[in-house]
1. Look at Leu181 and say whether it is crowded, with 19+ Cβ neighbours inside 10 Å and part of a helix (DSSP H, G or I).
2. I need the full set of residues from region 125-149 which are in contact (Cβ under 8 Å) with a residue 60 or more places away in the chain and outside any helix (DSSP H, G or I), in order please.
3. From (1) more than 15 Å from Tyr197 (Cβ to Cβ); (2) out of contact with any helix residue (DSSP H, G or I) (no Cβ under 7 Å at 6 or more places or on another chain), pick out the condition that doesn't hold for Val141.
4. Just to be sure, is Ser160 touching a Lys or Arg at 6+ places or on another chain (Cβ under 9 Å), among the small types (Gly, Ala, Ser), farther than 25 Å from Arg238 by Cα and in the same structural domain as Ile235 (by TED's automatic domain parsing)?
5. Select from region 199-236 the residues that are in a helix (DSSP H, G or I) and either among the charged types (D, E, K, R) or exposed (fewer than 12 other Cβ atoms within 10 Å of the Cβ) (or both) and list them in ascending order.
6. Within region 158-172, is even one residue more than 18 Å from the chain's Cα centre (by Cα), modelled with pLDDT of 85 or more and buried (at least 18 other Cβ atoms within 10 Å of the Cβ)?
7. Looking at region 71-88, which of the residues that are in contact with a strand residue (DSSP E or B) (Cβ under 7 Å, 6 or more places away or on another chain) and under 19 Å from Arg167 (Cβ atoms) is surrounded by the most Cβ atoms within 10 Å (Cβ to Cβ)?
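The values are calculated or read from the model by the stated rules, or taken from the named source; none is laboratory data. All values reported here derive from a predicted model rather than from experimental measurement. Virtual Cβ from ideal backbone geometry, glycine too; neighbours counted across all protein chains shown.
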Amino acid sequence: MYKGRWEKVGIKSEKEMVLYICDDELIWQQRIRKICEGILGEKWAECTIVMGKSGKEVLDYHGDIDILILDIDMLGIDGIQVKNQLQKKNRNTNIIFVTNYSERMREAFGSGVFAFVDKGAVEGNLNHILPELIERVCRYVKIDGLYDSREVLYLQAEGSYTDLFFRNRERHTIRKNLKELEKELAGADFIRTHRSYLVNMNEITGKIANTVLVGQQELPVSVRLRNKVKEAYRIFCRKNAGY
């Protein structure tokens, strides 16, 4: 178990972060752990590292997993099946896939997937990706002081009020307008797609045109904002692609 302390100005964590490494080959578990410990040591992140050798162990883990470094190709339940099960359970886990098979990237893409890492260049890629992901995990916004922004699919304006739609299908209404909330969520991967909608880019599951698919909900994209939304999402995807 690795433990350190996060001391970067402006970033606060309410609980110890959990980083889970899952690979069915022990040599890769140990190699990835060593890389992660080096990164965490440099960045002073408060973190517990857990290791597992199967998809079943991940799904049976009791507790939150903030970051999951996950092999795609494993015996039994593979990495893509783990990702799909975590999505169904609405687990707020950020996944970094590691693989030797880049052709499976399209199949693996989806909600909660932060990046893809080629095992042939795992150290260089993790040194680039992991610090950025740690910052994002620690810097999430408590909307209106109550709601975790990572759990929100999108926000919809209702006059002086705003409806928040969550991954677990709940909806909550708060007395703030969308303009206020757009400022509050600056830097938290949300994009204005329409005068009435603010969307979590991590939850986009389809192409952007006149509409955008967020989870299972099709939302409008205004003509005025369409190019801006496409460009912002292109940059977001490229930044998170890993290679």
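1. Criteria met by Leu181.
2. Within region 125-149, Arg139 is the sole residue that qualifies.
3. (2)
4. Considered against the rule, which asks whether it is touching a Lys or Arg at 6+ places or on another chain (Cβ under 9 Å), among the small types (Gly, Ala, Ser), farther than 25 Å from Arg238 by Cα and in the same structural domain as Ile235 (by TED's automatic domain parsing), Ser160 comes out as yes.
5. Glu203, Arg226, Asn227, Lys228, Lys230, Glu231, Arg234, Ile235
6. yes
7. My answer is Lys83.
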